[in-house]
Amino acid sequence: MTASILAAVSSTGYNIVLLLHILTALIAFAPAFTHPLLRSQLRPDGASQPMFAAMILNTRRFYSPALIVTGLLGFAVAGMSDKVHQVSEGWLIAAVLIWVAMNGVLHALIVPGLKTLSENGASSGAALVRVQRGSAIMTGMLVVQLWLMIWQPGG
């Protein structure tokens with residue numbers, strides 16, 4: 001690689017977009033680490049409904065938009081590193097597919113489950129299982145995403 005190619009990748013603009021990409025990812029995946037801790041503290045008397053209401057509200061306001069923005073910023077980072085990485089590289093294509101799947105899991109499993117729990121509390125066992133499975137799947141996909149971005153197989 002020539003110095004000019006590396007200079008473009010490590011430019012201030014590139015670094016800002018990369019920082020925002022990582023920051024929004026941290027925001028998007030905060031519930032994957034905090035919500036299981038909160039769920040382990042559930043009380044059987046139904047007093048958990050306000051907690052689930054806060055979870056769904058924060059998911060809609062912060063976590064879901066952050067996941068979408070994370071992917072869009074990922075496209076920007078890939079586009080800005082055009083001379084170092086081609087968007088057609090296998091690891092980037094896999095990362096995009098996993099990001100789409102993450103959005104599907106979030107909006108098809110976790111959000112409806114949290115909505116049900118915010119309305120009915122922890123007594124809705126099926127909704128709780130749906131959220132727990134969705135969270136586990138999201139965490140697994142995050143690990144795969146990190147592996148792809150760090151090792152860049154096929155890149």
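The values are calculated or read from the model by the stated rules, or taken from the named source; none is laboratory data. The structure displayed is predicted, hence computed values, not measured ones. Using ideal geometry, Cβ is built from the backbone for each residue, glycine included, and neighbour counts are taken over all protein chains shown. Protein only, heavy atoms only, side chains kept; ligands, DNA and RNA dropped before computing areas. Shrake-Rupley method; radii C 1.70, N 1.55, O 1.52, S 1.80 Å.
Computed quantities for the displayed model
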item	result
Any chance Met141 is in contact with a helix residue (DSSP H, G or I) (Cβ under 6 Å, 6 or more places away or on another chain), closer than 16 Å to Pro31 by Cα, in contact (Cβ under 8 Å) with a residue 12 or more places away in the chain and surrounded by 16 or more Cβ atoms within 10 Å (Cβ to Cβ)	yes
Meets criteria (hydroxyl-bearing (Ser, Thr, Tyr), crowded, with 16+ Cβ neighbours inside 10 Å, out of contact with any Asp or Glu (no Cβ under 6 Å at 6 or more places or on another chain) and closer than 30 Å to Ser123 by Cα) for Ser64	yes
Test result for Ile56, within 30 Å of Ser11 (Cα to Cα), out of contact with any strand residue (DSSP E or B) (no Cβ under 6 Å at 6 or more places or on another chain) and modelled with pLDDT of 85 or more	no
Those residues of the range 85-111 which are loosely packed, with under 14 Cβ neighbours inside 10 Å, within 19 Å of Ile150 (Cα to Cα) and of a type outside the set (Gly, Ala, Ser), in sequence order	Gln86, Val87, Ile93, Leu97
Scan of the range 118-127 for residues that are open to solvent by less than 20 Å² (accessible area, probe 1.4 Å) and modelled with pLDDT under 90, ordered by number	Gly121
